[in-house]
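Here's the structure, in structure tokens; my notes come after.
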Amino acid sequence: MARMRVENEGKGGVGEKGEERERGEKEEKREKGEKGEKGSGGGEIVVRLSPRERLAARRGAVRVPLTALRAAYVEPDWWRALRGAKGKGLWIPDRLCVGTRILPDGEDFVVIHPGRPVLCVELRGSAPYRRLAVSDPEPEQALSALMPYVPVDRLDPEPG
């Protein structure tokens, strides 16, 4: 099953070896008010596909620079994450949706297994896709790894 992760230059991604150490370092920097790797520009959002998903999508991993990130959220209803017309990929109704979806202003890349929540990542116009939508086995963990990189002006204001 596909997994979406944040990878920084010279370090493993979240979900790989060194996860706890890396997470601890980020929390310490946040507490001290230090600037983390967010501004370095060297990180990437990486969607790693399983061998079957690679065949269906007709491509390997999808990589997008962290600087292209606009927003990230978990969509509980998988069908709401699909938009646009079918593009290159494999589309089996109620079973699997893998590949690109064509929109008037660009393309989305999706790896969706119906019945599972979908991690949606909205991207800037400079990115190769407008949205990445992935049925990650641990969407909340992947979302928490992405949230430090979401631009503050795109976050919803806190209630009250």
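A few points about this structure:
- For C120, C97, order by how many other beta-carbon atoms lie within 10 Å, fewest first: C120, C97
- Cα-projected label distance for R54 with E138, points at 7 Å along beta-carbon direction, nm: 2.2 nm
- Multiplying the residue separation of W91 and S126 by 0.36 nm and subtracting their alpha-carbon distance yields 9.9 nm.
- Length gained on full extension, D105 to D77, computed as 0.36 nm times the residue gap minus the Cα-Cα distance: 7.7 nm.
Laboratory data are not the source of any read-out in this text; all were calculated from the coordinates shown. Because the structure is predicted, anything quoted here is derived from the model rather than measured. Every residue, glycine as well, gets a Cβ built from its backbone with ideal geometry; the counts of neighbours run over all protein chains shown.
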